[in-house]
Amino acid sequence: MPLSYNFRFAILFCFSVILVNSYANAIQVSHDGRSITIDGKPRILLSGSIHYPRSTPEMWPDLIKKTIRRSSNRSICCAEWNYGGLPVWLHNLPGCQIRTANDVFMNEMKNFTTMIVDMAKKEKLFASQGGPIIIAQIENEYGDVEWWYGAADPMINTCNGFYCDSFTPKPNYPKMWTENWTGWFKSWGGLDPLRTAEDLSFAVARFFQFGGTFQNYYMYHGGTNFGRTAAGYITTSYDYNAPLDEYGTLNQPKWGHLKQLHETLKSMEYTLTHGNITTTDLGNYVSTTVYATKESSSCFFGNGNYKVDANITFRGTNYTVPAWSVSILPDCKTEAYNTAKVNTQTTVKVKRPNKAEDEPESLHWAWRPENMDDTKILGKGEVVANHLMEQKEAANDASDYLWYMTSLDLKKEDPIWSNNMTLRINGTGCILHAYVNGEYIETLISLLSVTTGFSNYGGGYDLQPAGILGPVVLIGKHVNKTMTWYKTTFKAPLGTDPVVVDLQGLNRGHAWSNKCASNCGKPTQRWYHVPRSFMRDDDGNTLVLFEEFGGNPSLVNFQTITVGTVCANTYESIHWNWHAKVDPFQQSNLLALATLKVVVDHSRKALVMAQMHCPSFKSLAVEAVC
């Protein structure tokens, strides 16, 4: 069978890797009871998940650069993908039951895995060949059954979750956290997920306090579910509240606060992987942990009480650990980092109107209703059956849309005849449009079943049906809403800032920008990412919308995403790094790296000095509040 589009994206579900720098010669990768070892050297590994198809190739270099800047060395692809990343044709193979001990499925999985491994070997990508891949993970989402079975040797059982400090691995295996959820995906009708920088860093520091040596962020950059790739009920945006937002820009303060944490942890790598560990419980969820070697020691002070600060006396020195935080002291003397003390900048993103040259204030639209004539008479890709077919079986994931059509001869003397009849349907699809004689809900009945992606997780999710199961009972009422096509042209916005299309006024359907499909949804999501690589520099950009409920495109417009405000909290004698695009002389935008040093006199509770050094300019206004 040729490698289909869906089959290619099965990589998302089946294969993730840990990447390090390439080596000229083969390296030995193993593990002991504390950590992963590379050529016999125990290592602290900090990594972040980026799904390459959820961004464009043009975005990849910048994403990797921003990830490496915070000491990441992992790439992982996972689910929340339509049908879990597996091709829907698997569902229609006789006797196939996915993600279980089924011979048909395991044979297909073997073929796929062998193909991917052979491709990687051919390019000499594995560490044993001198390549950058040190660990590969075929599966990690059997959480609903793993507590029954565990992990057979030599597999390493790992933890997924918001907190994994209490996770205990198998004896003689390292404590590994493969999915630290930086936020969450967004579902239609749901709220915007948010996980603060303070809570995320607390979870990481707590994990390393209690013996962890490998931690991966899921996600580090979420991106966009382009086309029809999103799993059921998941929005087009896969921002995930990650350190790098949907557009690949820094989500501050999360990105900067984690970067400082990683630098602190990496500076302690030797003691964390070699030191003897002593943890003392001080009560009220407060604890101290010392990693000690002959040469040095490093300390963690943890406060798991989310309401009360903790005062700790350690080796004759007093320390205050804020509520729900961890202090890290690389030398067991001086606090280098506290998870609750965020002294990196906070950036507030704003959306700017399209400033393309000579672009009109509003778009000019052409539109037409969806032509129902062919569908009513014959249909396209017609299949005649004496029963209601399940949608995955009939459509094979070629489209989100499937027409169910039948006819009946109804006379006034029939017992069910009424001037106000209802069509009652037992369906499992996400949306259903009902037409009688071509009118949106006389004797030809047409039902358009619509999916917004298939389920991607849980035991037997492939057995969850889609479409109309029946029965369909005529009991009627009339509501006329027409499916409509809209088309316009636009110029690419000036500059390099990320671009979004604001679909305010529309309901549900699809959007194509220069033929690049991007699934649209309900008002849960209003702005949709249009990568600049999708657009041309000339006037030849086209936007086509298919709207299922009519809608009003008059408010649709293009905008750019940029930083509107930068602010931060800082602490005594702390250097604060500030990044922003500024234009003090009405010239081109410049990237300024400014260092702010603040000194506070605690006896007078007054600001003694606030000094900002800006290499790019002579001076910059600073507002300091004590």
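Quick notes on this one:
- The condition (being more than 32 Å from the chain's Cα centre (by Cα), aliphatic (A, V, I, L, M) and at pLDDT 95 or above) is satisfied by just one residue among Val308, Val326: Val308.
- Count of the stretch 55-69 residues which are surrounded by fewer than 15 Cβ atoms within 10 Å (Cβ to Cβ) and in a helix (DSSP H, G or I): 5
- Filtered residues of the stretch 304-342 (kept if under 19 Å from Arg195 (Cβ atoms) and either crowded, with 16+ Cβ neighbours inside 10 Å or of a type outside the set (Phe, Trp, Tyr) (or both)): Gly304, Pro322, Ala323, Trp324, Ser325, Val326, Tyr337, Asn338, Thr339, Ala340, Lys341, Val342
- Check on Arg195, among the charged types (D, E, K, R), within 26 Å of Glu139 (Cβ to Cβ) and over 12 Å from the mean Cα position of the chain (by Cα): yes
- Against the test of being at pLDDT 80 or above, on the phi < 0 side of the Ramachandran plot, more than 21 Å from the chain's Cα centre (by Cα) and not in a loop (DSSP other than H, G, I, E, B), the options Asn25, Asn111 yield a single qualifying residue, Asn111.
- Residue in the stretch 527-547 that is acidic (Asp, Glu), buried (at least 21 other Cβ atoms within 10 Å of the Cβ) and assigned to a loop (DSSP other than H, G, I, E, B) present: no
- Test for Asn180: is it of a type outside the set (D, E, K, R) and within 15 Å of Phe210 (Cβ to Cβ): yes
- Residue within the stretch 296-309 that is in contact with a Cys (Cβ under 8 Å, 6 or more places away or on another chain) and in a loop (DSSP other than H, G, I, E, B) present: no
- Matching residues, the stretch 168-208, being among the aliphatic types (A, V, I, L, M) and more than 18 Å from Thr279 (Cβ to Cβ): Met176, Leu191, Leu194, Ala197, Leu200
- Within the stretch 168-179, at least one residue is touching a Gly at 6+ places or on another chain (Cβ under 7 Å), of a type in the set (Phe, Trp, Tyr) and in a strand (DSSP E or B).
- Hits in the stretch 184-230 (condition: crowded, with 23+ Cβ neighbours inside 10 Å, out of contact with any strand residue (DSSP E or B) (no Cβ under 7 Å at 6 or more places or on another chain) and either at positive phi or among the hydrophobic types (A, V, I, L, M, F, W, C) (or both)): Ala197, Leu200, Phe208, Gly223
- Any hit, the stretch 264-281, residues being among the β-branched types (Val, Ile, Thr), surrounded by fewer than 24 Cβ atoms within 10 Å (Cβ to Cβ) and within 30 Å of Gly84 (Cβ to Cβ): no
- Any hit, the stretch 207-225, residues being small (Gly, Ala, Ser), more than 30 Å from Asp281 (Cβ to Cβ) and not in a helix (DSSP H, G or I): yes
- Test result for Gly248, touching a His at 6+ places or on another chain (Cβ under 7 Å) and either surrounded by fewer than 23 Cβ atoms within 10 Å (Cβ to Cβ) or modelled with pLDDT under 95 (or both): yes
- Close pairs (8 angstrom Cβ cut-off, 6 or more residues apart or separate chains): assigned by TED's automatic domain parsing to the domain that holds Phe167 and aromatic (Phe, Trp, Tyr) in the stretch 122-151, in a strand (DSSP E or B) and crowded, with 18+ Cβ neighbours inside 10 Å anywhere: Phe126/Ile133
Yes or no, residue by residue, for (1) over 18 Å from Trp527 (Cα atoms); (2) in a loop (DSSP other than H, G, I, E, B); (3) hydrophobic (A, V, I, L, M, F, W, C):
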residue	(1), (2), (3)
Gly190	no, yes, no
Ala203	yes, no, yes
Gly232	yes, yes, no
Tyr240	no, yes, no
Glu246	no, yes, no
Gly256	yes, no, no
Leu261	yes, no, yes
Leu265	yes, no, yes
Thr273	yes, no, no
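- Residue match in the stretch 126-134 (condition: modelled with pLDDT under 80 and among the hydrophobic types (A, V, I, L, M, F, W, C)): no
Yes or no, residue by residue, for (1) in a loop (DSSP other than H, G, I, E, B); (2) out of contact with any strand residue (DSSP E or B) (no Cβ under 7 Å at 6 or more places or on another chain):
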| residue | (1), (2) |
| --- | --- |
| Thr334 | yes, yes |
| Ala340 | yes, no |
| Lys349 | no, no |
| Arg352 | no, no |
| Lys355 | yes, yes |
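- Residue count, the stretch 80-105 (criterion: touching a Cys at 6+ places or on another chain (Cβ under 8 Å) and farther than 30 Å from Trp188 by Cα): 3
- Matching option when the condition is modelled with pLDDT of 60 or more, closer than 17 Å to Trp81 by Cα and either buried (at least 19 other Cβ atoms within 10 Å of the Cβ) or in contact with a Lys or Arg (Cβ under 9 Å, 6 or more places away or on another chain) (or both), among Ile18, Ile44, Ile50: Ile50
- Check on Ser296, crowded, with 20+ Cβ neighbours inside 10 Å and not aliphatic (A, V, I, L, M): no
- Subset of the stretch 144-166 [aliphatic (A, V, I, L, M) and either within 25 Å of the chain's Cα centre (by Cα) or under 19 Å from Gln209 (Cβ atoms) (or both)]: Val145, Ile156
The values are calculated or read from the model by the stated rules, or taken from the named source; none is laboratory data. This structure is a prediction, so every number in the text was calculated from the model and none was measured. Don't worry about glycine lacking a Cβ; one is built from the backbone with ideal geometry, like all the others, and counts go over all protein chains shown.
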